[in-house]
Amino acid sequence: MMQFLAQPVGAAHYLLVGAVLFVCGVICMTTKRNALGVLMGIELVLNGANVNFIAFSQPALRADRGLALGLDGQVVAIFVIVLAAAEAAVALAIVLNFYNNHGTVDVDEADELKG
Amino acid sequence: MTFPELVNSFFANTLDLSIPVFMPEIVLSGTIVLMLLVRIFQREPRFDVAWLALIGSAVALYYACPLFGAPDLKQFMQDHPTAETFTGLLIHDGISAHFRTLLLVFLVLFIIFTKLSGIPDRIDAPDFFTLVLGGVVGMCLMVASNHLFMMFLGIEMASLPSYVLSGHLKGRRKSSEAAIKYAVFGAGTAGVMLYGISLIAGATGSLHLPTIATQLSTMLGDGTLVGGRLAAVILGGLMLSVGIAFKLSAVPFHFWCPDVFEGASAEVNAYLSIASKAAAAAILVRVAFGFSHLPPPVPETEPVAAHAVEVADAPKLLLVSTAAAKKAPDSNLMLVADGDANGAEAAKPADTLAPVRGFIAGLIGVIAALTCTFGNLAAYGQTNIKRLMAYSAIGHAGYMMMPVSAGLVMLADSPTDAKTAVASVAFYAIVYLFMNLMAFSLIAFIRNSIRSEEIADYAGLIRSCPILVVCFTMTLISLIGLPFFAGFVAKFAVFASLAQAGLYGLLVVAGLNTAVSLFYYIRVVKVMCIDPEPESRLPVYVPFLPSMYVVAVTVPVVVLGLWWNELNEWVQMAANTLVF
């Protein structure tokens, strides 16, 4: 671990940050009972992927420079930011509608449909 | 690249090549804008936006359908040859033409259906049709995507409206619960899929599907796909399959399907089970085949690629479009081009992509078998007709996935049979359109009359509306896959491709599932025809026009069961142009 930290910053370091964000997001999505907490977990997952895309887009960060994504990776990241906003808007509207009908935002209360 | 060259390539690629085959999406987008404008300038909803949506989708269908302007698909593909549009983001080929036509035919029929069934009402119509048309635009992008990020955007464009549509009945507890489950689950799987895409892109250095295939082939050829890179590609592939499995409602990502179907209205169910599923099946074909075969030589006519060839001074196998042109001085592309050229010289080189193909085929085969079995077994004990149809949809997703696996197995040795397997997916999607549209329109019209969707309340329906029950019975028999209805032909094509590929295990699973599905479909028929009518049921009355609609969408189910040859030729032609 110390060795990893002592190295000059490369794509691997960014990927580690991305992976931590992703895992935090997945844990948040699966364990939170509050719908808003789940939505926050989703944002974390999307941003973890974003960090990956940016790290992969930069040739200077990679030993195999030829495989850098270049502008593609950065454009993807910008699109994902917009998309995350759109998704959050729709999901919040749906959560609000759920709250109006059930008086709670606890996803465990969504248990009428089963079988 | 100098500025004038850039402008020239923009005109040649975007305006001359891409826009003409992109007209359906443009028309749909224009219609959406018009519908929103109508909403702004009209305080009271005097004008029903459904008509506007109907006209817009009919015009889009006119541009998309090969039958208008060209006598058949072959002629259409000659007029608009297979080409990557928008610098390789999308691809125009037989599969995209076929599935886009299917989606737009469905859209036209669907708008008529909602007009007859009364959901949405006039006040909700602008919102509802904006979402529906927006979702269909996303699905059109999905079926034509040639780039992993375009695929992701298409899936999201199709998903977001679906979340809202499933919660469209605002005051209902069940509807809002369905929407929240669908949105949370869908957004979660989309996030996982995006992370998977980022891993694949990082490991292979591209998001463009043919470039990824070439890159993988090169890496497998010279043994550089090892260690972390191999792990990234496998993990990325599995995460990507999570997103696609969610759209297809394949096990183990099917939980949302029954709940959403029960909570949402029957109209939305028709939309989700037909359009969404057809687009997901198309994307499965695209991704599975995109990863596992090398792209063909670039068509000579493509101007941008020609330019790229000039720049890189590589043989014509140099990869496509501006993605190539942009990176041409880059070392990796030269590498790609070299590897590819070597392969071509060796004339049928060692099949480097075989492990990729084996992995994907195995994954799809296992998931298909599980999906099919689970869907059919779980449907058995259902009491709500919409829930039953949801499990039936899961089962049919399994049948639709099977030929993809078979096609991948046969791809190396007999590409013609692989194309036939893909054609059977395309055929199944068409037949499934009419079967499910019929079933859900009947469910909606009966709901309007008796305010119930319980199977028990369908008892003795044959004495109130015999014609509809006969139609529904025919559709159910077709869903089972018994002769002589369209479902039989579709299922026969699927089974034939499985037998051809030698996947006898999968064939046995599919056969047993068909036998199991017999029981729960026939139980509905038995309840409708034999059981005595319940005391408390409201009188059943389905007006003339809705009845006619139900009969009209049943006609193809019968006709395609007897005269399927023309459609079969059509889907064969569509599959032929899937790049090989």
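What follows is calculated from the coordinates using simple rules that are stated; it is not laboratory data. Note that the structure is predicted; figures quoted are calculated from it, not measured. For neighbour counting, all protein chains shown are included, and Cβ atoms are generated from backbone atoms with ideal geometry for every residue, glycine included.
Quick rundown of the values:
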read-out	value
Approximate shape of the range B:484-580 as ellipsoid semi-axes (Cα gyration tensor, √5λ), whole Å, largest first	35, 22, 9
Ranked B:SER159, B:SER206, B:SER18, criterion: other C-beta atoms within 10 Å, fewest first	B:SER18, B:SER159, B:SER206
Exposure proxy order (Cβ contacts within 10 Å, fewest to most) of B:TYR63, B:TYR521	B:TYR63, B:TYR521
Volume of the Cα convex hull of the protein assembly as shown, divided per residue and given in Å³	157
Compactness of chain B, expressed as Rg and Dmax over alpha-carbon positions, Å	23.9, 81
Kirkwood Rh, angstrom, the range B:134-211 [1 / mean 1/r, Cα pairs]	13.6
Viscosity 0.890 mPa s, temperature 25 °C, Stokes-Einstein D of the range B:129-276 from Kirkwood C-alpha radius, µm²/s	151
Over 17 Å [Cα-Cα, the range B:64-157], rounded percent	57
Relative counts (whole %) of C-alpha pair distances in chain A, using bins that are 5 Å wide	2, 11, 15, 16, 16, 12, 9, 7, 5, 4, 2
Shielding of B:170-183 by partner chains, average beta-carbon count, 10 Å	6
For the range B:1-32 and the range B:378-419, distance of Cα centres in Å	36
Cα-Cα over 32 Å, subset of B:LYS115/B:LYS277; B:LYS74/B:LYS386; B:LYS174/B:LYS419; B:LYS174/B:LYS491; B:LYS115/B:LYS419	B:LYS74/B:LYS386; B:LYS174/B:LYS419; B:LYS174/B:LYS491; B:LYS115/B:LYS419
Contour excess over end-to-end distance, with Cα ends at B:LEU518 and B:GLN42 and 0.36 nm allotted per residue	166.2 nm
Distribution of pairwise C-alpha distances over the range B:1-49, 5 Å bins, in %	5, 18, 15, 12, 11, 10, 10, 8, 6, 3, 2
Residue order, fewest to most beta carbons within 10 Å, for B:GLU5, B:GLU569, B:GLU267, B:GLU535	B:GLU535, B:GLU5, B:GLU569, B:GLU267
Between 0 and 90°, nearest 10: helix B:354-378 axis offset from chain B longest Cα axis	10
Sequence-separation-based contact order of chain B, relative, with Cα cut under 8 Å and 6+ spacing, percent	14
Percentage of interatomic Cα-Cα distances in the range A:1-61 larger than 13 Å	62
Residue-span extension gain [B:PHE492 to B:ILE467] - 0.36 nm each, minus C-alpha spacing	6.2 nm
Given charges at Cβ of Lys, Arg, Asp, Glu: the range A:10-102 dipole, positive-most of A:ALA88, A:SER57, A:GLY41	A:GLY41
Acute angle (nearest 10 degrees) that the helix A:71-102 long axis makes with the longest principal axis of chain A, alpha-carbon atoms	10
The range B:422-497-the range B:209-225 distance, computed between alpha-carbon centres (Å)	45
Cα-based convex hull, the range B:345-459, per residue volume (Å³, whole number)	101
Measure of compaction for the range A:42-97 (Cα Rg per 2.2 N^0.38 Å)	1.42
Angle between chain A longest axis and helix A:35-57 axis [Cα atoms, degrees, rounded to 10]	20
